[in-house]
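The values are calculated or read from the model by the stated rules, or taken from the named source; none is laboratory data. Note that this is a predicted model, so its numbers are computed, not measured. Using ideal geometry, Cβ is built from the backbone for each residue, glycine included, and neighbour counts are taken over all protein chains shown. For accessibility, only protein heavy atoms count, side chains too; no ligands or nucleic acids. Shrake-Rupley method; radii C 1.70, N 1.55, O 1.52, S 1.80 Å.
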Amino acid sequence: NEIWPRGRTNHYWFDLNRDWWLAVHPESQGKLTWYHDWYPHVVTDFHEMGTNSTHFFEPMKANGSKDPVMPVENYTTLNDTFARYFSEALDGIGSLYFTKEVFDGTYPGYGSSYPDLQGGLGLLFEQASSRGHVQDRPMGELTFAFTIRNQLTSSMATVKASVEQKEMLYQYQKDFFESAVSNASDAGIEGYVFGDPVDQNRNRAFLEKLMIHKVKVNEIDEDVRINGQDYQAGHAYFVPASQPQYRIVQNAFETYSEYADSVFYDASAWSLVNFFNLPYDEASGLSLGEEITSTDDLIDIEPVNETSYAYLIPGYDYHVPAFMYHLKKGGVRLLSVFKPFTANVDGEAQYFGYGSLVIPVARQDISGDSLHRLVVDISQELKVQAYSVNTGYSLEGVDLGSRFLEPVSMPKVAMIVGGNVSSYEAGEVWHLLDTRVGMPITKFREERFSPNDLEEYETLVLVSGSYRSLDSSDVAKIKSWIGRGNTLIASRQAVAWCIRNKIVSEKLVEQEKDTMERSPYVNAREELGRHAVGGAIFETEIDTTHPVGFGYSRMSLPVYRNSTVWLQPSKSAYGTVAQYSKEPHIDGFITEDNLENNLKGSASTVVSRVGAGRAILFADNPNFRGSWYGTNRMFLNALFLGEHISVPASD
């Protein structure tokens, strides 16, 4: 009975078994580097499950395990051949087992699914766990020794099968990569172009993800316009379909709306390009440059000239929040732009949109020389271009002394962890701040937390959890603390908790439940399970003029949804930051009922007034698995700019 954050996680409380595809962590990056040096033919993935089960080996669910890009031989010839070895070995020691009933290998990020995308055979084993040395159960005692014997038996059977079937495995891997190239030709797709025209750091992060999976990417030499989207040379890139890693390319760019099954063990959507909120299109006939083999020199930052007036940072870059933090850490006073302007920068007009930064040289506690060195150093480290101006008079828009420029404070942020709080989601917040911003966050264990602890903080983060240790008095004190001008940031189930406990006056979408028609009992698990949202991607429309939406150049924003917390839009005309679009489906499975009656018209992000403070509610998880570069910025905006957000009443 492990204490929080329980087992199977790394330093940041992540489940590394789901990180093969996303490659966020150094453990996974090292593993993938090794993998692509060797391309093993068989990979075993040993797990435990509930005590009252037996032993599972592949094949998985007949429909749910079928990745749409996987050769059918993987599920038939290879799986069935190895299954005979497993059954014979387990029969020999009298162990019960089952196959084909549960689990699916569609998500490409498991240790039992990523090898399938590299011409190998990934094999999942699940053993009923003794949860220690011995457990009582209806079928008799289950001992640790017995569980180890089953896993050892399956291991040795795998070795035997691999050796005896090595010629089949050799041929399969050879055919796999050859068929990838022929499949690309048959699909009639030359490749995909992608790239954000203003945020090179997100482009670079996505390129690094493709490259760790050995996907070939080229620069484009000429600007091109496709489906109304401009792709600019130097800021856009081309991924050819005709390459051995074509199936990885498919997983990164293709989206799906039809599936062989409707109940998923985990995600039903994983189109990586949408994680990064990058424009992309199928493309052909482009003028291509060199293949990209490193991103070290991708972003060229010019040292900013010293000035006696002000430095300016455009607001669109992913690392602008980190820039804010490092400036504040250096003792710098700075302003965030709440209304755009165009400035004269070295004789050229330069636009500075919502969320840009203004760093006045006057009224600082450090010298002008020290400020210049600090701006140059941060600009080079974060690969964010800075500019200098010698006047506060703008060519267009507000001037640099406008009331639409708000001072940025050093965030004082706390988060409740422990108890029944999701360690994964808490870890995702911690990881984001620690690795991409360099900013600490105070973590209070739920069972030892007192609302009085919040007096030293201005922002409280609540991720999914039941917060059972907090009684009605604690809830009232938290609401009072918010009402004094502070900020609460809640995500997923924590949003529902805030609404149930009347911390906010927002409402969830409530749908009348029709009486279900009579159905065979044996179908209950499947029929009820399909109404869950296991993980799919949907389009929202974001208000780019709202402080939570600062830094976004497009109103369309993909979000990842893996819950059934359906949030109604704000009653205030100005409180809904992101709302699902009229046709929101991008990728993944959702029932027609959930899509039409719950998702459409609901809100993804709402800011709710609480006295003189505010609660920023994310119905979705903006930091999912440390990979959603597209929505991270909204969360960071909430941290850095929350104190300046008010919710005017519509009337």
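Against the conditions (1) under 29 Å from Asp37 (Cβ atoms); (2) over 25 Å from the mean Cα position of the chain (by Cα); (3) open to solvent by 30 Å² or more (accessible area, probe 1.4 Å), Arg204 satisfies every one except (2).
Scan segment 297-334 for residues that are of a type in the set (Asp, Glu) and in contact (Cβ under 8 Å) with a residue 24 or more places away in the chain and jot them down. Give the derivation first.
We begin by selecting, within segment 297-334, every residue of a type in the set (Asp, Glu); these are 297, 300, 302, 306, 317.
Once the filter is applied, which keeps residues that are of a type in the set (Asp, Glu) and in contact (Cβ under 8 Å) with a residue 24 or more places away in the chain, segment 297-334 yields Glu302, Glu306, Asp317.
Could you tell me whether any residue of segment 360-368 is in a helix (DSSP H, G or I), touching a helix residue (DSSP H, G or I) at 6+ places or on another chain (Cβ under 8 Å) and closer than 19 Å to Val337 by Cβ? No. Look at Val72 and say whether it is among the β-branched types (Val, Ile, Thr) and closer than 21 Å to Ser268 by Cα. Yes; evaluated as a whole, the condition is true for this residue.
Just need a number here: residues in segment 571-594 that are assigned to a helix (DSSP H, G or I) and touching a Phe, Trp or Tyr at 6+ places or on another chain (Cβ under 9 Å). I'd like the intermediate steps shown before the answer.
We begin by selecting, within segment 571-594, every residue assigned to a helix (DSSP H, G or I); these are 592-594.
With touching a Phe, Trp or Tyr at 6+ places or on another chain (Cβ under 9 Å) added as a condition, the list becomes 594.
Qualifying residue count, segment 571-594: 1.
Cβ separations smaller than 8 Å between residues 6+ apart or across chains give the following pairs from segment 124-136 residues that are of a type in the set (Phe, Trp, Tyr) to residues that are open to solvent by 10 Å² or more (accessible area, probe 1.4 Å): Phe125/Thr44; Phe125/Asp45; Phe125/Phe46; Phe125/His47; Phe125/Gln151.
The criterion of at least 3 residues that are farther than 30 Å from Leu298 by Cα is met, among strands (runs of 3 or more DSSP E) falling completely within segment 374-428, by 405-407, 413-417. Scanning segment 227-246 for residues that are closer than 13 Å to Leu288 by Cβ and open to solvent by 60 Å² or more (accessible area, probe 1.4 Å) yields one hit, Ser242.
When each of Ala184, Ala161, Ala157 is tested for being part of a helix (DSSP H, G or I), touching a helix residue (DSSP H, G or I) at 6+ places or on another chain (Cβ under 6 Å) and modelled with pLDDT under 95, the lone residue that passes is Ala184.
Condition test on Gly588, is it closer than 25 Å to Leu272 by Cβ, open to solvent by less than 20 Å² (accessible area, probe 1.4 Å) and in contact with a helix residue (DSSP H, G or I) (Cβ under 6 Å, 6 or more places away or on another chain)? For Gly588, the condition - closer than 25 Å to Leu272 by Cβ, open to solvent by less than 20 Å² (accessible area, probe 1.4 Å) and in contact with a helix residue (DSSP H, G or I) (Cβ under 6 Å, 6 or more places away or on another chain) - is not met. Here the condition is being of a type in the set (A, V, I, L, M) and more than 24 Å from Asn79 (Cβ to Cβ); of Val134, Val163, Val159, it holds for Val134 alone.
On the stretch given as segment 366-404, residues that are on the phi > 0 side of the Ramachandran plot and in contact (Cβ under 8 Å) with a residue 60 or more places away in the chain total 1. Scanning segment 405-440 for residues that are within 17 Å of Ile489 (Cα to Cα), touching a residue at least 60 places away in the same chain (Cβ under 8 Å), open to solvent by 30 Å² or more (accessible area, probe 1.4 Å) and within 21 Å of the chain's Cα centre (by Cα) yields a total of 3.
A single entry from Val249, Val224 fulfils the requirement of being buried (at least 21 other Cβ atoms within 10 Å of the Cβ) and touching a residue at least 12 places away in the same chain (Cβ under 8 Å): Val249.
Can you tell me which of Arg625, Arg561, Arg614, Arg609 is surrounded by 20 or more Cβ atoms within 10 Å (Cβ to Cβ) and at positive phi?
Values: Arg561 fails: at positive phi; Arg614 fails: at positive phi; Arg609 fails: at positive phi.
Of the residues listed, the single one that is surrounded by 20 or more Cβ atoms within 10 Å (Cβ to Cβ) and at positive phi is Arg625.
Give the residue, chosen from Leu90, Leu96, that is surrounded by 15 or more Cβ atoms within 10 Å (Cβ to Cβ) and either farther than 27 Å from Asn274 by Cβ or in contact with a Leu (Cβ under 9 Å, 6 or more places away or on another chain) (or both).
Numbers: Leu96 fails: surrounded by 15 or more Cβ atoms within 10 Å (Cβ to Cβ).
Being surrounded by 15 or more Cβ atoms within 10 Å (Cβ to Cβ) and either farther than 27 Å from Asn274 by Cβ or in contact with a Leu (Cβ under 9 Å, 6 or more places away or on another chain) (or both) holds for just one of Leu90, Leu96, which is Leu90.
Within segment 18-51, the set of residues being open to solvent by less than 40 Å² (accessible area, probe 1.4 Å), of a type in the set (Ser, Thr, Tyr) and out of contact with any Lys or Arg (no Cβ under 7 Å at 6 or more places or on another chain) comprises Ser28, Tyr35. Test Ala343 against the stated conditions and say whether it is within 21 Å of Val408 (Cβ to Cβ), in contact (Cβ under 8 Å) with a residue 12 or more places away in the chain and in a strand (DSSP E or B). It is true that Ala343 is within 21 Å of Val408 (Cβ to Cβ), in contact (Cβ under 8 Å) with a residue 12 or more places away in the chain and in a strand (DSSP E or B). Inside segment 302-340, residues that are in a loop (DSSP other than H, G, I, E, B) and β-branched (Val, Ile, Thr) make up a count of 3.
Every residue, every condition in (1) at pLDDT 95 or above; (2) closer than 21 Å to Met439 by Cβ; (3) in contact with a strand residue (DSSP E or B) (Cβ under 8 Å, 6 or more places away or on another chain); (4) open to solvent by 50 Å² or more (accessible area, probe 1.4 Å), yes or no:
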residue: Ser294; (1), (2), (3), (4): yes, no, no, yes
residue: Tyr354; (1), (2), (3), (4): yes, no, yes, yes
residue: Val384; (1), (2), (3), (4): yes, yes, yes, no
residue: Asn390; (1), (2), (3), (4): yes, no, no, yes
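Taking the listed residues Thr81, Thr54, Thr77, Thr143, the one that is of a type in the set (Val, Ile, Thr) and open to solvent by less than 30 Å² (accessible area, probe 1.4 Å) is Thr81, with no other qualifying.
Going by the structure shown, is Ile482 part of a strand (DSSP E or B) and under 13 Å from Gly613 (Cα atoms)? Don't jump to the end; show me each part of the working.
Working: part of a strand (DSSP E or B): no; under 13 Å from Gly613 (Cα atoms): yes.
Spelling it out, it is not the case that Ile482 is part of a strand (DSSP E or B) and under 13 Å from Gly613 (Cα atoms).
Scan segment 462-482 and give yes if some residue there is closer than 20 Å to Phe550 by Cα and either at pLDDT 95 or above or charged (D, E, K, R) (or both), otherwise no. No, the conditions are met nowhere in segment 462-482. Gly315 falls short on exactly one of the conditions (1) at pLDDT below 95; (2) crowded, with 17+ Cβ neighbours inside 10 Å; (3) of a type outside the set (A, V, I, L, M), and that condition is (1).
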